[in-house]
Structure formats: C-alpha cells, structure tokens
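The values are calculated or read from the model by the stated rules, or taken from the named source; none is laboratory data. Everything numeric in this text was worked out from a predicted model, so none of it was measured. Methodologically, a virtual Cβ is constructed for each residue, glycine included, from the backbone with ideal geometry; neighbour enumeration extends over all protein chains shown. Ligands, DNA and RNA are excluded from the accessible area calculation, which covers all protein heavy atoms including side chains. Shrake-Rupley method; radii C 1.70, N 1.55, O 1.52, S 1.80 Å.
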Amino acid sequence: MPRRKVRKKGSARGGDSSEGDTEETGSVVSSHLSEPDSILEEGPELADNVRVDETDAQERFEEKIKEYIDGTTQKSVNGRKDCLEGLKKSLSRKVLTDFIEQRKVTISDCVERCIKKGKSEEQALAASVGTLLLIQLGAGDDSEAIFNDLLPLLKTTLADKTVAPKGRASCALFLGLGCFLAADNYETVLDCMVALEHVFSLSYLKGDGTVPSHTPAVTALHCAALSAWTLLLSIAPPARVPQLVDSHLGKLPTLLHSDDVNLRIEAGESIAMFYELAREQNEDFDMDNVDELLVTLRGLATDSNKYRAKKDRRQQRSSFRDIMRTIEDNDIPHEIIKFGPEILELDGWVKKQQYVAFREVLGSGTNIHLQENLLLRDIFGLGAPIITSGPGAPKRANRSERHHYNSQAFKARTKVRSKQRDKRSYNPS
C-alpha cells in the first residue's frame, strides 16, 4: 500500500457557497479591525470618542440580545421565531463569552421550551441557538451541564417521527456537535452515535436490494444525522476504531446508491474517514470487498447522467475523486482556509469534518469565531488569538511572501510526516 500522501488545495470543497463568504468575511474583518490604528494616529481626543462610540454600540447590541431572549417567551409563534432568528444571528456573528456566561441558564431554558412546544422552524431555530450557546461557553462544566440537561430531550425529539423533519435535523446537528464539545465520557458519545444511526439507517438499501424512497425533507434529516454521526466518529479513540470498522464500514456503502447527492457525498466522506482512521494503525488496511466499493466510487466520480443537475454532477465528481484517492492511494485532502491575517489548514478528513460542522452552525460568522473564540482556536490548534490592530500588530504579508510561507510550511510538514511514518514502520525485531 502506498504511503500516506497529502494533496494541497487552496479553499473549501468546490461548489460550496461558503467559500466566497470566507474570503469576503475575512477581508471585512481585517478592514474593520484596522480602523483604530489610523484613529489613534489622529490624536487622543478622537481615539477616546471612538472608544465611547464602540462601548455604546456594544451596549446597544447586548440590549438587543436581551430583548431577543425575553421575546422567546411571547405567545406569538412568529414573534418567537423572529427572536430566535435574531438570537441565532447575534451568537454566530460575535464572540460574547462573558455576556452569555451570565445568561446561560435563561437561554438554555428558552431552547428547551421552544424545542418542546414549538413546531418545525421554531424547533430548528431553537436547536441552532442551543448549539451556539455551547460554542460561546466553550469547553467546561457549564457546557457539560447544559448538554446533559438537554440530552434526553434531543434524543426523544430526534426519534419522534411525528416531529417535522426540519426540527429533527437541527436536533441531530445539536446532538452531534453538543456531544463533540461537552460529552463527559465516551460512552455518551457511543450512545449518541447509536441514536443518530437509528435515523440515517432508514436510508440503507432494503432487504431486496432496492433504494428506499423518502421525501426530500426526510432525506435531509438522514443526511444531517449521518453528518453528526461522522463528526463523532472523528473523535473515536484508536482502540475503538477496529470495532467501529467491523460494525459499520460494511453498511455505509449502501448509502452510495441514494437518490440524493448530499447523502451520497456524506456517505462517501464517512467511508474515507474510516480509511484514514484505520490506516493510522495499519497502513495496509482495506475492506474485504474493496474492489466492489471502488467500482461504485469510480462510477460516481465520473457520473455524467443528464437526469442529475449539472451542479450536483460537478460537486459529486469532485468529492468522489478525493474519496477514491484516499482509498486507492492513501492520499488525503489538504485544504487551506484563509481568515483575516491567518490560515487554517485542514489536513485530512477528520479536520475537514470538524470544520464543516462548525461552519454549518456559524455560517458567515465562522471567521470571527476562528479569530476570537478560544474553544475553536484550541480545537484547530491555532493558539492564542493574535493582535490584529494597534502598535504590536503584524503587517499583512504580500502575495509573494504568503506563497513562500505556504510552500515552506508544506515542505516542513511533509518531512515531519515522513519521519513519523519511518518510526511507525520500524520494527526492532
């Protein structure tokens, strides 16, 4: 089996709408944060006025959030949804750890009440707010307590077929990301994975080999459940991987026959992650029926059926080419996400899945959280937040300098991995 290879890309998966958001948001953030520098040069009086203006703006912003929180208890369904939407946008676009810390119980109660008594859209919004609450609080006892309190409700709602698929889908994502952030032991993780598999397993092939027929909303639910399940797979302890391979890897390829492009891609990426995790322990790992799997993957990577939308075909071919390279050549994807003056390197399927999960919740606020949220910076190994304004701020490198840095960093990573592989393959016997 060829040694593990790394391919370098410049952005997120082709066709993903967040790619433009990443670049655009990053440039806006950098521009905004650089404004105080020029103001300070004008003199202390103007700088003081700006600080007062920023304080006033922050106070108004926080007052608006308080109104949103209070508004989630009103009788009007549309009014509650509007407040949840406002709360969701506020928590995704700004890091408010101290402010949220003082209101965590109130917000958690709002989330619980709206999931219990709401319908479809309201439940979906409430679950998103709950996920953002945990992201704001970070890892710790508070997040753990809130997640454990909401866990029974999330599992019950997810399993309840009388609940609208949209609400269940958001609960699936909340269950996955909440467990990823706040589960107190791995048994809880496994329990959540079982609950999620009970949902997406309904898209496995039937006993007679036919593809189940579901509405688009139900298929979207299954895709969300599989995405959350794969996120939890990404934190599986190495000792658990062989057991998970034996119990699940043989089932996932049946989802490649789904009529939904997103579910096919999600299943393919789950399989690729299994290969990545298994080959960290055994470079020669392969499925028993790998030839059959490769035939299916090759067909999806070259699919030109006209009955599929052009955008779906393009997205599918790009995704499955990456998946095939991992399985055939042990070649993992490497993507670079730019935000402000920094970059985030997604080296492999594990990091990519984790990034996509956070981006799904944070949307256009992803870059802000990558810059300022200590939890995300710790998860992705970004270190302490860097200074982006003031006398100590680093100057932005030009394009040539950035290219040189990326090239040298890539070479350094390759050398390190080669040494690590040599150590793993060394047998003193």
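What shape does region 296-378 take by its C-alpha gyration tensor, where a ≥ b ≥ c are the square roots of the eigenvalues and a/c under 1.5 counts as rounded, a/b above b/c as prolate, and the rest as oblate? Please list the in-between numbers first.
Numbers: a/c = 3.14, a/b = 1.85, b/c = 1.70.
Prolate shape, in that a/c is at least 1.5 and a/b is the bigger ratio.
Along the Cα-to-Cβ line of GLU54, 7 Å from the Cα, sits a label point; which residues in region 71-94 have backbone N less than 19 Å from it?
The answer is 93-94.
Ignoring solvent entirely, what values of log10 I(q)/I(0) come out of the Debye formula for region 89-211 at 0.09, 0.18, 0.19 Å⁻¹ when each Cα is a single scatterer?
-0.26, -0.91, -1.00
Can you give the local net charge around THR97? Use residues other than it whose beta-carbon is closer than 11 angstrom to its beta-carbon, Lys and Arg +1, Asp and Glu -1. Display every interim value, and only then the final one.
Working: positive: LYS94, LYS104; negative: ASP98, GLU101, ASP142, GLU372.
Counting the neighbours of THR97, the net charge comes to -2.
Assuming R0 = 56 Å, what is the FRET efficiency of GLU101 and LYS311, from their Cβ-Cβ distance, to the nearest 0.05? Don't jump to the answer; show the numbers that get you there.
On the way: r = 42 Å, r/R0 = 0.76.
That gives a FRET efficiency of 0.85.
Dividing the alpha-carbon Rg of region 195-236 by 2.2 N^0.38 Å yields what? Write down the numbers at each step before the final one.
Details: Rg = 11.3 Å, N = 42, 2.2 N^0.38 = 9.1 Å.
Here the Cα radius of gyration is 1.24 times the empirical estimate.
Between ASP259 and ALA139, with labels modelled 7 Å along Cα→Cβ, what's the label distance in nm to one decimal, could you check?
4.3 nm
Using the crude model of +1 on Lys and Arg Cβ and -1 on Asp and Glu Cβ, and no other charge, please compute the dipole size for region 231-324 relative to its Cα centre, in debye to 20.
Working: 13 positive and 16 negative charges, 148 e Å.
For this selection, approximately 720 debye.
Contact order normalised by length for region 84-204, with contacts defined as Cα pairs under 8 Å and 6 or more residues apart; what percent is it? Can you show the working numbers first?
Numbers: 130 pairs, mean separation 31.9, N = 121.
Relative contact order for region 84-204 comes out at 26 percent.
Please report the net charge: other residues with Cβ closer than 11 Å to the Cβ of LEU293, K and R +1, D and E -1. Before the final figure, lay out the partial values.
On the way: positive: ARG298; negative: ASP286, ASP288, ASP291, GLU292, GLU328.
Once all neighbours under 11 Å are counted, the net charge is -4.
Go through LYS94/LYS117; LYS311/LYS351; LYS66/LYS88; LYS88/LYS155 and tell me which ones have a Cα-Cα distance over 20 Å in this structure. Can you show the working numbers first?
Values: LYS94/LYS117 28 Å; LYS311/LYS351 25 Å; LYS66/LYS88 13 Å; LYS88/LYS155 22 Å.
Exceeds cut-off: LYS94/LYS117; LYS311/LYS351; LYS88/LYS155.
May I ask you to give the solvent-accessible area per residue for region 267-349, in square angstrom, as obtained with a 1.4 angstrom probe?
Numbers: 3440 Å² over 83 residues.
Accessible surface, normalised per residue, equals 41 Å².
Where in region 82-96 does the amide nitrogen come within less than 17 Å of the point 7 Å from the Cα of ASP70, taken along Cα to Cβ?
Taking a point 7 Å out along Cα→Cβ of ASP70, the residues of region 82-96 whose backbone N falls under 17 Å are 82-84, 86-87.
Going from most exposed to least, what order do ARG264, ARG103 have by accessible area with a 1.4 Å probe? Don't skip to the end; give the middle numbers.
Details: ARG264 5, ARG103 50 Å².
The ordering from most to least exposed comes out as ARG103, ARG264.
Using a cut-off of 9 Å between beta-carbons, work out the net charge of the residues near LEU255 (Lys and Arg +1, Asp and Glu -1, LEU255 not included). Before the final figure, lay out each step's value.
Working: positive: LYS251, ARG264; negative: GLU266.
Summing Lys and Arg as +1 and Asp and Glu as -1 gives +1.
May I ask you to derive the FRET efficiency for LYS251 and ASN282 from their Cβ-Cβ distance with R0 = 25 Å, giving the value to the nearest 0.05?
Values: r = 21 Å, r/R0 = 0.83.
With a Förster radius of 25 Å, E is 0.75.
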